[in-house]
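Undergrad: This structure is in C-alpha cells; I'll ask about it shortly.
The values are calculated or read from the model by the stated rules, or taken from the named source; none is laboratory data. None of these values were measured; they are calculated from a predicted model. We place every Cβ from the backbone using ideal geometry, glycine too, and count neighbours over all the protein chains shown.
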Amino acid sequence: MGMRLPAAIADAREPMLALAAERRTQIGSAVAMVIGFIGYRAWALSSSWFYLDDYKLLYDASASDFGLRYVLSPHNSNLMPGGRVLAWIVVQSGTLNWTVAALLILALQLLAATAAAWACFTLFGVRWAALLPLALYLTSAMTVPVMMWWTAGVNQVPLQAAFFLSIGAWTRYLRSRSTRWLLMTMCVMAFGLFFYVKALLLLPVLLFLLVGYFVSGTVKSRIRQLVPFWPGIVGCTIMPSIYTVYYLSHVSSPFVSTSPGLVLRIAETMIGTAFTTALVGGPWRWAPLAPPNAFASPPEVTVHLAWVLVALVVLYGFATRRRTVRAWVLLVGYLFACLALLVNSRGPAYGEIIGLEYRYLTDAACVAAICVGLVFIDIHGARDSSCARTPSMLRARIPSVIGLVVIGAIAIGGVLSTASYVRIWHEQNYSDAYVHTLQDELTRLGSVDLDDGVVPDAVIPGIFAPDNRVHKITELIGDQAQYPRWSPRLGVVAEDGSIRAALIGPGVVSKKGPREGCGWLIKDRRVSIPLTARAFNWSWWIRIGYLYSDESTVTVSADGKQVEAELQPGVNSLYVQFEGSFDHVSIDGLRPGTTLCVESIEVGPLVPGGPLE
C-alpha cells in the first residue's frame with residue numbers, strides 16, 4: 001500500500017498540472033491579444049494629431065487656473081472632469097504635445113483591454129471560450145473613432161475601462177457578497193462618471209446582470225432573492241444619483257424635441273446599418289464627410305449579409321442553448337438607450353447621417369462582446385446563466401471549425417476596417433499640416449503682429465465660432481504672436497498655415513491727394529482724408545502708405561473712434577483696425593516740426609501677400 005501511494009498521487013497530479021498549464025496558455029493568449037491590440041493602436045496614434053474640440057479643450061486648460069471651477073466646467077453639455085485633468089496635463093507638457101496626449105489615450109486603452117480580459121475570465125472562467133468576447137471587443141472597428149479623436153477618447157476610452165472593470169468587480173461581489181468587491185464596483189462607477197456622463201448606463205447593466213443571471217425563478221421569487229444584495233444595489237445607486245442631481249442642476253441640457261420619423265431614420269442608420277455591420281467585422285468602407293472624421297459607409301449588400309449572419313447566430317444560440325434571449329434583450333435595450341440619447345441631442349441638428357458615426361456606439365461594442373459571451377458561455381456561480389440545450393433543436397451538430405472560421409473572419413474584418421479608418425486620419429487631418437506649418441513660421445519669425453482672422457473650415461469649421469480664431473491656435477503654440485489694433489508690420493495666416501505679409505483686399509481707397517509727389521500733406525493740424533466711397537459697418541483694416549521725416553506718435557480717427565500709433569521715418573505702411581462705417585480717415589497728433597506725406601489709404605479685409613520677412 002505504501003508503495004502505491006506516491007504513484008497514485010503522481011497520477012492525480014498529472015491532470016492537475018496539465019490543467020494548470022492549459023490555464024497559463026489561455027491567460028498567455030489573452031495577454032498576447034492585448035499586447036497585439038495595444039501595438040496596433042499605438043501605430044494608429046503615432047501619426048495622428050489633434051482635431052476640432054481638442055484645440056478648445058487645450059485652450060481652456062492653458063487659459064484657466066487648475067481648480068474645481070476649471071475641472072467642473074462643462075464642455076459641449078458634457079461634464080468631464082477627467083478630460084479636463086488630462087488636457088491640463090498635456091498643456092503642462094508643452095500645450096500641443098501630441099506625444100503626451102497619445103500616450104495618455106494609449107494608457108487608457110491598455111487599461112480598457114486588460115479590464116476586458118479580466119472581466120471575461122471573471123465572468124466566464126479561464127477557458128478558451130472566454131477569449132471569444134475578448135476578441136470581438138479588441139478587433140471591433142466601433143471603438144477606433146473615439147481613440148483617434150482625442151476629445152472623444154478622454155471621455156469614452158475610460159468608459160470602456162469602467163464598463164469591464166465594473167462587470168468583473170460586480171460579478172465577484174454577486175458570488176461572494178464581499179464588501180471589498182462592492183467598494184471596487186462603486187469606485188469604478190465613480191471613475192467612469194469622472195470622465196463621461198454616459199457611465200450612468202453602467203447601473204442598469206449591472207442590475208440586469210444580477211436580476212437576469214444571479215437570481216432565478218418567477219418575478220416574485222427573483223425579487224425575494226434580491227434581499228441579500230440590497231447593500232450592493234443601494235451602494236451602486238448612490239453615486240449615479242448624486243451625479244445626476246449635480247448634472248441636471250449645473251449643466252445645460254443638450255436635449256431638444258424630435259419627431260418619430262427622425263427616430264426611425266436614425267434607428268435605421270445607427271442600428272440597422274452601422275452597428276450591425278460592425279458587429280460582424282465591418283463596416284469595411286468609410287465616408288470621410290468631415291475629414292479626418294469619417295462615417296460608416298458599408299456596401300449595401302454587406303448590410304444585408306450582416307443581418308443574415310446576425311440572425312443565424314441568434315437562431316443557432318437559441319437552438320443549442322437555453323436562456324439566450326435575455327442577453328439579446330440586454331443588448332437591444334442598451335442600443336435603444338444609445339439611440340434615445342442620440343436622437344434627442346444630436347439628431348435634430350444632423351439628421352439620420354449622425355447614426356453612422358461610431359462615437360455614439362463605442363460602449364455598445366463592449367456590451368455586445370459581453371452579451372455574445374452570455375449567450376454561448378455559462379457563468380460560473382450564476383443561478384440562471386445560459387446552458388446547453390438537451391436535446392439540441394438541431395439535428396446535426398455544426399463543426400467547431402466553422403465557428404472558428406466565422407470568428408476569424410469577423411476579427412480580420414474588424415482589423416482591416418480599423419486600418420482603413422486610421423489611414424483617413426493619417427492622410428486627411430488638415431489641421432495637422434496647418435498647425436505644424438504655423439508652428440514653424442512662428443519659430444522662424446519670432447515676435448510677430450498678426451491679424452486674428454478665422455482658420456480654414458477644414459481645420460475648425462465656422463460653426464464653432466468664436467473658437468475658430470487664429471489666436472486660439474497660436475496661444476497653444478507659444479507667445480510669439482500678438483494681435484494689436486495697429487502695426488507697421490502685419491502678418492496674415494494663410495490657408496496652409498504660412499504667415500504672409502498683409503495686403504488689403506477689395507474695398508475702398510482714399511481720393512487722390514492735392515500735393516504732387518506727396519499726396520496728403522500733414523504737419524501740425526488735423527487732416528481729414530476723404531474716401532472714394534463709404535465703408536459699410538464692419539470690422540476693417542486700414543493701410544496708410546506714407547513718407548515721414550522722423551519718428552512720432554500719430555492719432556488716426558474714423559467714425560468717432562481713434563487709435564494712437566507710431567510712425568517710422570522713411571517710406572512705410574501703417575495698419576490700423578477700426579469697426580464702424582465711415583467715409584473719411586483723419587490724421588493728427590504729429591510731433592511739432594515734422595512732416596507727413598500720406599500717399600494712399602486703403603480700407604478693406606486683409607488678404608495674404610508674399611512671405612512675411
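Undergrad: With the condition kept exactly as written, say whether any residue in region 191-198 is touching a Gly at 6+ places or on another chain (Cβ under 6 Å) and part of a helix (DSSP H, G or I).
TA: yes
So that you can scan it fast, the table gives a plain yes or no per residue for (1) at pLDDT 95 or above; (2) β-branched (Val, Ile, Thr); (3) under 14 Å from Ile601 (Cβ atoms):
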| residue | (1), (2), (3) |
| --- | --- |
| Trp540 | no, no, yes |
| Arg543 | yes, no, yes |
| Tyr546 | no, no, yes |
| Asp550 | no, no, no |
| Thr553 | no, yes, no |
| Gln562 | no, no, no |
| Gln568 | no, no, no |
| Asn572 | no, no, yes |
| Val576 | yes, yes, yes |
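Undergrad: May I ask you to verify whether Ile473 is in contact with a Pro (Cβ under 8 Å, 6 or more places away or on another chain), surrounded by 19 or more Cβ atoms within 10 Å (Cβ to Cβ) and modelled with pLDDT of 90 or more?
TA: Values: in contact with a Pro (Cβ under 8 Å, 6 or more places away or on another chain): no; surrounded by 19 or more Cβ atoms within 10 Å (Cβ to Cβ): yes; modelled with pLDDT of 90 or more: yes.
The answer is no for Ile473.
Undergrad: Right, another one. Suppose we filter Val146, Val154, Val197 for residues that are within 17 Å of the chain's Cα centre (by Cα), over 22 Å from Leu416 (Cα atoms) and buried (at least 24 other Cβ atoms within 10 Å of the Cβ); which single one remains?
TA: Checking each option against the conditions leaves just Val154.
Undergrad: Follow-up. Could you check, for region 89-111, whether at least one of its residues is within 30 Å of Arg172 (Cβ to Cβ), exposed (fewer than 15 other Cβ atoms within 10 Å of the Cβ) and at pLDDT 90 or above?
TA: Yes, there is a match, as at least one residue in region 89-111 is within 30 Å of Arg172 (Cβ to Cβ), exposed (fewer than 15 other Cβ atoms within 10 Å of the Cβ) and at pLDDT 90 or above.
Undergrad: Please pick out the residue among Ala433, Ala501 that is touching a residue at least 12 places away in the same chain (Cβ under 8 Å) and either surrounded by 22 or more Cβ atoms within 10 Å (Cβ to Cβ) or in a strand (DSSP E or B) (or both).
TA: Among Ala433, Ala501, only Ala501 is touching a residue at least 12 places away in the same chain (Cβ under 8 Å) and either surrounded by 22 or more Cβ atoms within 10 Å (Cβ to Cβ) or in a strand (DSSP E or B) (or both).
Undergrad: Identify the single condition in (1) farther than 29 Å from Phe255 by Cβ; (2) in a helix (DSSP H, G or I); (3) among the aliphatic types (A, V, I, L, M) that Val126 does not satisfy, given that it satisfies every other one.
TA: Against the list (1) farther than 29 Å from Phe255 by Cβ; (2) in a helix (DSSP H, G or I); (3) among the aliphatic types (A, V, I, L, M), Val126 comes up short only on (2).
Undergrad: Mind checking whether some residue in region 404-418 is of a type outside the set (Gly, Ala, Ser), more than 30 Å from Ile271 (Cβ to Cβ) and surrounded by fewer than 14 Cβ atoms within 10 Å (Cβ to Cβ)? Lay out the reasoning, then the answer.
TA: Of region 404-418, the ones of a type outside the set (Gly, Ala, Ser) are 404-407, 410, 412, 415-416, 418.
Then keep just the ones that are more than 30 Å from Ile271 (Cβ to Cβ); that gives none.
No, there is no match, as no residue in region 404-418 is of a type outside the set (Gly, Ala, Ser), more than 30 Å from Ile271 (Cβ to Cβ) and surrounded by fewer than 14 Cβ atoms within 10 Å (Cβ to Cβ).
Undergrad: What is the number of the single condition among (1) assigned to a helix (DSSP H, G or I); (2) at pLDDT below 95 that Trp307 does not meet?
TA: (2)
Undergrad: Still on this structure, please answer the following. For region 225-288, give me every one of the helices (runs of 4 or more DSSP H) that falls completely inside it and has 2 or more residues that are touching a Gly at 6+ places or on another chain (Cβ under 7 Å), surrounded by 13 or more Cβ atoms within 10 Å (Cβ to Cβ) and of a type in the set (A, V, I, L, M, F, W, C). Steps first, please.
TA: Numbers: elements: 230-250, 260-267, 276-279.
Once the helices (runs of 4 or more DSSP H) in region 225-288 are filtered for at least 2 residues that are touching a Gly at 6+ places or on another chain (Cβ under 7 Å), surrounded by 13 or more Cβ atoms within 10 Å (Cβ to Cβ) and of a type in the set (A, V, I, L, M, F, W, C), what remains is 260-267.
Undergrad: Here's something else I'd like to know. Taking region 436-473 only, how many residues are under 24 Å from Ser47 (Cβ atoms) and either assigned by TED's automatic domain parsing to the domain that holds Glu564 or touching a Leu at 6+ places or on another chain (Cβ under 7 Å) (or both)?
TA: 2
Undergrad: Here is a further query. Return the pair list, or none, for Cβ contacts closer than 7 Å from residues in region 327-348 that are in the same structural domain as Leu210 (by TED's automatic domain parsing) to residues that are surrounded by fewer than 18 Cβ atoms within 10 Å (Cβ to Cβ) and polar (S, T, N, Q), at least 6 apart or on different chains.
TA: If the second residue must be surrounded by fewer than 18 Cβ atoms within 10 Å (Cβ to Cβ) and polar (S, T, N, Q), the pairs left are Val343/Thr258; Asn344/Thr258; Gly347/Thr258; Pro348/Thr258.
Undergrad: Tally the residues that are over 28 Å from Val422 (Cα atoms), assigned to a helix (DSSP H, G or I) and not hydrophobic (A, V, I, L, M, F, W, C), restricting the search to region 49-95.
TA: Adding up the residues that qualify gives 3.
Undergrad: Return the residue satisfying two criteria in turn: it lies in region 239-282 and is aromatic (Phe, Trp, Tyr) and modelled with pLDDT of 90 or more, and of such residues it is farthest from Asn78 (Cα to Cα).
TA: Phe275
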